[in-house]
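Shown next, in structure tokens, is the structure this report addresses.
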Amino acid sequence: MAHLAASHCRRLGTTPRRLALLAVLFALLATPFGAAQGSLLVYAVINQDDAELLTDMFRERTGVDVRFLRGSTGELVTRVIAERGSPQADVLLGGASTLHISIAESGALAPYVSPVAAYLPANARAEDGTWTGFYLTALGIGVNEERFAQRYGDRALPATWEDLLDPAFEGEIVLTDPVASSTAYLFVQLQLQRLGLEAGWDYLEALAPLVGQFPSSGGAPPQLVGTGEYTLGVSFVHALARYRAQGFPVSLIVPPGTAGEVGAVSIIAGGPNPDNARRFVDFIASAEAQQAFADQSLTTALHPDVVAPAAAVPFAAFDLIDYDPALAGEQRDEVLLRWQSVVD
């Protein structure tokens, strides 16, 4: 870089106009990843503060005027598909790979195979490039220790998914609405794939009457359990770990036979800024972005160079079923229709 600048000095000389041109050259050379132009709109399924972290980093490193809109899974899936004729956003950030698979089947996602993501295994990216994984998380049970002790004394905490079916927990469980949240849809699919369709629906039909609230946001159960409004909540373990790390009285249980799924990023087909969308996917696939995201979100990064933060649940703690995300994506409409009949 210094050699390149020196050669330009000799060529341009030292007149004021040439010095001004030289200053522009130095500014270009000093801009990380080159001097990006234009803008970018990101639809973010991940938490508000995590989306802010990643978009701020991208803006600082590229100069791209990047903005994001945070929404629930159901809201943003509907928006991306509805806008196929005239896309308003460029990128869909976060959420389980199954939702990206569902959107890709509608033709609303553009293929892009990032060269930065060459380290990813086959199950962490779409073969056609319509989604790229960047983190892994798994489902668990959060327990507010103080509320549990008040209501159940020294009783043992639930340790398995079957333990949630105890009638004593009626009204004390919070589970996100699977229609609106990829977190809860993963939970529904976990039971169907873990137990088989018939036994899985038996489990879900027994659990639904015990649930006190079905909020639309995947971030609600950890918050409601952390603040003591409910005793038990089903959520991703990283979200529960964040509340525990912040000092809330939350015990985190990872039941045997849980489901983990890759969180992904994808490019919206026909979006207004495709070049910057590809740059953003490259950035998200980098070790730098995933380290910052893991440190804040407590998820498990997919980049091999990322060091897991101490407060995160280690991957070794997950006893995972052989979960089929493609099957979950194919069954989504049918399963959600039946789920609505269960809770009506």
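All of the numbers you see were taken from the coordinates with simple rules; none came from a lab. Please read all numbers here as calculations on a predicted model, not as lab measurements. In this analysis, Cβ positions are derived from the backbone assuming ideal geometry, glycine residues included, and neighbour counts consider all displayed protein chains.
Using the number of other C-beta atoms within 10 angstrom as an exposure proxy, rank 61, 70 with the fewest first.
Fewest-to-most ranking of 61, 70: 61, 70.
If R0 is taken as 22 Å, the Cβ-Cβ distance between residue 311 and residue 52 corresponds to a FRET efficiency of 0.65. Computed 3J(HN,Hα) for the range 338-344, one whole-Hz value per residue from the Karplus formula 6.51 cos²θ - 1.76 cosθ + 1.60 where θ = phi - 60°, is 5, 4, 4, 6, 5, 8, 6, glycine and proline marked x. Backbone geometry of the range 105-119 corresponds, through the Karplus equation with coefficients 6.51, -1.76 and 1.60 at θ = phi - 60°, to 3J(HN,Hα) couplings of 5, 7, x, 8, 10, 9, x, 7, 9, 6, x, 6, 9, 5, 6 Hz, x marking Gly and Pro. Note on the chain: helix-only mean residue ellipticity at 222 nm, from DSSP H runs of 4+ residues weighted -39500 (n - 2.57) and normalised by residue number, equals -13500 deg cm²/dmol. Other residues within the sphere of radius under 13 Å centred on the Cβ of residue 259, judged by their own Cβ, net out at -3 (K and R +1, D and E -1). How big, in percent, is the set of alpha carbon pairs in the chain lying more than 28 Å apart? Counting every Cα pair in the chain, those more than 28 Å apart make up 46 percent.
Computed from backbone phi, the HN-Hα couplings of the range 68-84 come to 9, 10, 8, x, 6, 4, x, 4, 6, 4, 4, 5, 4, 5, 5, 8, 4 Hz, rounded to whole numbers (Karplus: 6.51 cos²θ - 1.76 cosθ + 1.60, θ = phi - 60°; Gly and Pro given as x).
With the convex hull drawn over the C-alpha atoms of the range 152-294, the volume per residue is 145 Å³. For residue 70, nonlocal amide neighbours, meaning residues 5 or more places apart or on other chains whose placed amide H falls under 5 Å from its own, are 44.
When DSSP beta bridges are restricted to pairs lying wholly in the chain, around 65% turn out antiparallel. Amide H contacts under 5 Å for residue 211: 171, restricted to partners 5 or more places along the chain or on a different chain, H placed in the peptide plane at 1.01 Å from N.
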